[in-house]
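The values are calculated or read from the model by the stated rules, or taken from the named source; none is laboratory data. This structure is a prediction, so every number in the text was calculated from the model and none was measured. Every residue, glycine among them, receives a Cβ derived from its backbone with ideal geometry; neighbour counts consider all protein chains shown. Note: areas computed on protein heavy atoms with side chains; ligands, DNA, RNA excluded. Shrake-Rupley method; radii C 1.70, N 1.55, O 1.52, S 1.80 Å.
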Amino acid sequence: MGKVTGFMEFERLEEGYKPVPERLKHYREFVVGLDDAQSKVQAARCMDCGTPFCNSGCPVNNIIPDFNDLVFQGDWKNAITVLHSTNNFPEFTGRICPAPCEAACVLNVNDDPVGIKSIEHAIIDRAWAEGWVQPQPPRHKTGKKIAVVGSGPAGMAAAQQLARVGHDVTLFEKNDRVGGLLRYGIPDFKMEKTHIDRRVAQMEAEGVVFRTGVMVGTLPKDSKVTNWAKETITPEQLQKDFDAVLLTGGAEQSRDLPVPGRELDGIHFAMEFLPQQNKVNAGDKLKGQLRADGKHVIVIGGGDTGSDCVGTSNRHGAASVTQFEVMPQPPEEENKPLVWPYWPLKLRTSSSHEEGCVREFAISTKAFIGEKGKVTGLQTVHVEMRDGKLVEIAGTEKTYQADMVLLAMGFVNPVASILDGFGVDKDARGNAKATTEFTNGYATNVPKVFAAGDMRRGQSLVVWAIREGRQAARSVDEYLMGFSDLPR
Ligand SMILES: Cc1cc2nc3c(=O)[nH]c(=O)nc-3n(C[C@H](O)[C@H](O)[C@H](O)COP(=O)(O)OP(=O)(O)OC[C@H]3O[C@@H](n4cnc5c(N)ncnc54)[C@H](O)[C@@H]3O)c2cc1C
Ligand code: SF4
């Protein structure tokens, strides 16, 4: 424990943001991280509790009190060793994790939690700057060949773990660049893509072979999921060529809103809109990019994806941005004695909301209206919760003007045809069916085929994808070698 009285002496210090007018002009990151001195003070607030709830609140079980102590002592090099022992990519989570660890921090019971995420961010950025993040190629090769399908955080974490214990890993990705939703989905202003490129270079040096633009199996003809594949490989071929296959293809099937008028022009899935901006930022030339310039934009869906649509629309120069959420507005503050150490339901205002957005809660869209085949508005009604069901409130019908509607209501499940191509059983929600048990975890019903990340657990978080990738890697290693030294 760095400083015994630190939690009584020092206040929580938030990372800063560049001013709104400045950051709206570009797509680069705008968070101002803590400097060394500020990180030390923040780390001094850690109480090194006997039972560190933060450690179990973090899905990858980061050893938080230990790295806090090391930062307080100024031992940044050992801090990154501790952090990397549980998390392959702290620069991803240090930027975009919602930080359930902080909700679980014991200081959060009656004070502000330790700024764990900002310390994680500072450790990994310093480690890259100092040149401490180096490839860790294996000392021995096993001769076993593994195919990982899908290069999001789950696939990347699994591939890195498996390559480091000497397996020949090939990572297949249907899109033209590596990273899954980190690359195409999450806006550059939340996480710049150089962070992925650096890891790809590290993993290549560790022996991972990346094959982008390769679709494993088939998508339905009318599918709207991102796909820049130039080549196809059948599941049968993959099973023949590799000793094990790990499916980490995400949960890409967007939830639709099949109300009257859905066919009108100007209504798009968030995942049609956001990846296009990622591509433009990467220097690609797109014909007919979906843009919000001068438009009245309505985003349907109050989560992260919706908030990312708000931030991107404002950068395009939308005339107005309104976000709908069907659930009632949550309280501004949680009831801590009731919910700690769990993730609380409370009103969350993102940096994108602060950039300009009207937020409507408890609102349901009944129909889209339009002229000459183009959307011009939405017919809505307010709803309320009665006996666990959302019911319409008579007399609250309203029409909103809209030139562009973005559907950001989450994802229902993985694309079924990909799982069907392998003959993988699905659970009741349509995800790949596999348990996370210690023995045989992540194994599907098909011999030598495993599944992890959003493809197995459904739409989730980057930190959960990293955890599943790491754990699945151990399971695959154990299956191939009869034992595994990889951590779980
Ligand atoms: C807009 C948006 C914002 C988000 N913001 C956050 C956030 O701020 N914080 C957070 O923690 N989480 C966030 N999430 C959720 C997070 O991105 C996901 O939970 C996470 O990326 C899941 O990782 P994954 O590796 O399981 O799958 P994915 O990241 O979805 O990657 C799957 C990859 O597999 C590829 N693939 C699929 N099928 C095939 C196939 N048959 N052949 C070849 N390749 C295939 C896909 O092209 C994709 O690249 C956000 C999600 C979205 C959509
Ligand atoms: S990965 Fe997320 S939950 Fe874990 S320590 Fe970092 S911010 Fe907290």
For this session: Could you give the size of the charge dipole of the range 6-130 about its Cα centre, using +1 on the Cβ of each K and R and -1 on the Cβ of each D and E, expressed in debye and rounded to the nearest 20?
Result: 420
Seminar exercise, completed: Partner aspartates and glutamates whose C-alpha sits under 12 Å from that of LYS336, ignoring same-chain residues fewer than 8 away, are ASP111, ASP112
Seminar exercise, completed: Between LYS346 and CYS49, the FRET efficiency computed from the C-beta separation at R0 = 22 Å comes out, to the nearest 0.05, as 0.40
Exercise. For labels at GLU9 and VAL391 in the simple 7 Å Cα→Cβ model, what's the distance in nm?
Worked result: 5.9
Exercise. How would you rank 105-112, 146-153, 242-249, highest first, on the average number of other Cβ atoms within 10 Å across their residues?
Worked result: 146-153, 242-249, 105-112
Problem set entry | Computed P(r) (all Cα pairs; the range 6-130; 10 Å bins; percent) | 13, 47, 31, 8, 0
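Would you mind counting up the charge near SER475? Only other residues with Cβ under 12 Å from its Cβ, with Lys and Arg at +1 and Asp and Glu at -1.
Its environment carries a net charge of +1.
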Problem set entry | Percent accessible area from carbon and sulfur atoms, the chain, protein chains only, probe 1.4 Å | 51
Seminar exercise, completed: Everything considered on the Cα gyration tensor (a ≥ b ≥ c; rounded for a/c under 1.5, else prolate if a/b is larger than b/c, else oblate), the range 187-339 must be described as prolate
For this session: Output the peptides 155-161, 175-181 sorted from most to least packed, where packing is the average of other Cβ atoms within 10 Å over each peptide's residues.
Result: 155-161, 175-181
Problem set entry | Label-to-label distance, nm, for residues given as LYS366 and ASP485 (7 Å Cα→Cβ offset) | 6.7
Problem set entry | Solvent-free Debye scattering, log10 I(q)/I(0), computed from the Cα coordinates of the range 332-375 at q = 0.20, 0.26 Å⁻¹ | -0.87, -0.97
Exercise. With Cβ to Cβ distances under 13 Å as the rule, what net charge do the other residues near GLU120 carry (K, R +1; D, E -1)?
Worked result: -2
Seminar exercise, completed: At the level of C-alpha centres, the distance separating the range 1-53 and the range 221-266, in angstrom, is 39
For this session: Return the whole-Å distance between the Cα centroid of the range 452-488 and the Cα centroid of the range 268-319.
Result: 32
Problem set entry | Dipole moment magnitude, nearest 20 debye, the range 256-409 about Cα centre, only Lys, Arg, Asp, Glu C-beta charged | 340
Exercise. Using the per-residue mean of other Cβ atoms lying within 10 Å as a proxy for protection, in what order, highest first, do the peptides 130-140, 187-197 fall?
Worked result: 187-197, 130-140
Problem set entry | Å² of accessible area per residue within the chain, as computed with a 1.4 Å probe and no ligands counted | 44
Seminar exercise, completed: Farthest towards the positive end of the dipole of the chain, among GLN379, LEU247, ILE123 and with Cβ unit charges of +1 on Lys and Arg and -1 on Asp and Glu, lies the Cα of LEU247
Exercise. What list of ³J(HN,Hα) couplings, whole Hz, do you get for the range 279-284 from phi and the Karplus terms 6.51, -1.76, 1.60, once you set θ to phi - 60° and write x for glycine and proline?
Worked result: 5, 4, 4, 7, x, 6
For this session: Please work out the C-alpha center-to-center distance from the range 116-149 to the range 60-109 and express it in whole Å.
Result: 15
For this session: Only Lys, Arg, Asp and Glu count, each charged at its Cβ (+1, +1, -1, -1), so figure out the dipole size of the chain about its Cα centre, rounded to 20 debye.
Result: 1100
For this session: With a 4.7 Å Cβ cut-off, tell me which Cys residues in the chain come up empty for a partner.
Result: CYS46, CYS49, CYS97, CYS105, CYS309, CYS357
Exercise. Principal axis lengths of the chain from Cα atoms, whole Å, largest first?
Worked result: 66, 62, 47
Exercise. Can you list the lysines whose alpha carbon sits under 21 Å from that of LYS3, skipping same-chain ones fewer than 8 residues off?
Worked result: LYS40, LYS77, LYS117
Seminar exercise, completed: Projected onto the charge dipole of the chain (unit charges on the beta-carbon of Lys, Arg, Asp and Glu, signs +1, +1, -1, -1), the Cα from ALA205, ALA451, VAL216 with the largest positive-side position is that of VAL216
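Specify whether the C-alpha gyration tensor of the range 61-173 places it in the rounded, prolate or oblate class, a ≥ b ≥ c being the square roots of the eigenvalues: rounded for a/c under 1.5, otherwise prolate if a/b is larger than b/c and oblate if not.
Verdict is prolate for the range 61-173.
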Problem set entry | Base-10 log of normalised Debye intensity for the range 256-409 (one unit scatterer per alpha-carbon) at q = 0.12, 0.15 Å⁻¹ | -0.55, -0.82
Exercise. So which aspartates and glutamates can LYS374 reach, going by Cα to Cα under 13 Å and dropping same-chain residues fewer than 8 places off?
Worked result: GLU263, ASP265, ASP403
For this session: For GLU22, GLU478, GLU263, give the ranking by accessible area with the largest first, probe 1.4 Å.
Result: GLU263, GLU22, GLU478
Exercise. How much FRET efficiency would the formula 1/(1 + (r/R0)^6) give for ARG139 and ASN445, where r is the Cβ-Cβ distance and R0 is 41 Å, rounded to 0.05?
Worked result: 0.70
Exercise. Which pairs break 22 Å Cα to Cα here: LYS366/LYS389; LYS144/LYS240; LYS190/LYS224; LYS193/LYS433?
Worked result: LYS190/LYS224; LYS193/LYS433
